[in-house]
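Contents: one structure, followed by commentary.
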Amino acid sequence: MNTPSSTKGDPSTPTGTVSRAMRLLTLIADSDNPVTIKYISDRMGLAPSTVHRLLGLLKDEGFVADILPSRSYTIGTQFYRVSSRVVGGASQIDFIERELEELCAIHNETVLFGQYLPTEGNLSFAARRDGQQKLLYQIEMHKPLSLVWGASGKAILAHLAAANVADILARETYAPGNGAPPPDLDTLMAELRDIKRAEYCVSYGEKLPGSRGIAAPLFDRTGIIGSLCLTAPKDRQAETDVDAIGRDLAASARKISHALGANT
């Protein structure tokens, strides 16, 4: 006699009703337009009858709404109400700070959130966590800083429109860390294209003498919001370690950006 699987219908398993409902909600929330049962069925690999049943459960609770006569579905009012309660109770920086703590624990170095200030065309370090390894230089918090100099700024600048980059560069002066003159626009744009492809940036002593910065961009649903930056004395890690840290920061930045609603 065949015995039914012990996990069939178990809400705690990937195939359980709760898991499927959460995946379905996520799929609808990530879609730019209302979705059909066929679309959901194809994306989730579920039978249309199963999708219809899940949609019915979510619709009864107000988390999904149907659009007639197109027979498509979108997020319901209850989902918006719950989401607004969650978002209202925690700011972006609160969430980012928790991720900074995790990165700091892994790398034992100072990690910062550089917040993009679009009106001013610069950034400000809005949050930080320090490792046990001390810095030999001082980082100024909550002060407008250049986007042209340093990894934290260039990681942001790489995701701005060319016209914005040109405007920001036109106002730039010598690098505060090493006195280098501003690059010409073509040189800077080529560097920014490389940074965008790599998903992280490394700089040496541009903002602060003797420092090395490694940074990756952060996004939310509106676009670029800042950068995640690890800073340490430039001779503390080997170059092979720097590349590994850069990839780690980029992965963490993608995770944070996804959680903040970025379409990445």
Potential extension, ARG171-ASN33 segment - 0.36 nm per residue separation minus Cα distance: 45.6 nm
Dipole magnitude of the chain, debye to nearest 20 (Cβ charges: Lys/Arg +1, Asp/Glu -1, about Cα centre): 820 debye
The chain: most fluctuating residue of ILE106, ILE168, ILE139 per GNM, C-alpha cutoff 10 Å: ILE106
Counted charge near CYS104, where neighbours are those whose Cβ lies closer than 14 Å (Asp, Glu -1; Lys, Arg +1): -3
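Once the piece of chain linking LEU185 and THR77 is laid out straight, how much longer is it, given 0.36 nm per residue of separation minus the C-alpha distance between them?
Length gained, LEU185 through THR77: 34.1 nm.
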Cross-link partners of LYS196 among lysines (Cα-Cα below 21 Å; sequence separation of 8 or more within a chain): LYS154, LYS207, LYS255
Low-density loop positions, GluC sites (Glu not before Pro), segment 24-122 - DSSP coil, at most 13 other Cβ in 10 Å: GLU61, GLU120
Gaussian network model of the chain, Cα within-10 Å springs - most flexible of LEU123, LEU55, LEU208: LEU55
Sum of -39500 (n - 2.57) over DSSP H runs of 4+, divided by residues of the chain (222 nm, nearest 500): -13500 deg cm²/dmol
Shape category assigned to segment 160-264 from the gyration tensor of Cα positions, a/c cut at 1.5: oblate
In segment 78-184, the chymotrypsin sites (Phe, Trp or Tyr not before Pro) that fall in loop regions by DSSP, at most 11 other Cβ within 10 Å: TYR174
Whether the chain is rounded, prolate or oblate, judged on the alpha carbon gyration tensor where a/c under 1.5 counts as rounded: prolate
Rounded tilt (10° steps) of 77-89 against the dominant C-alpha axis of the chain: 30 degrees
For ILE40, ILE214, order by how many other beta-carbon atoms lie within 10 Å, fewest first: ILE40, ILE214
Angle between the chain longest axis and helix 239-259 axis [Cα atoms, degrees, rounded to 10]: 40 degrees
Folded to 0 to 90 degrees: helix 185-198 orientation relative to the chain principal axis, Cα: 40 degrees
Two-decimal Rg to Rh for segment 101-181 - Kirkwood Rh, Cα set: 1.01
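Readers should treat all values here as calculations from the given coordinates under stated rules, not as data from a laboratory. This one's a predicted model, so the numbers in the text were calculated from it and none came from an experiment. Backbone-built Cβ (ideal geometry, glycine too); neighbour counts: all protein chains shown.
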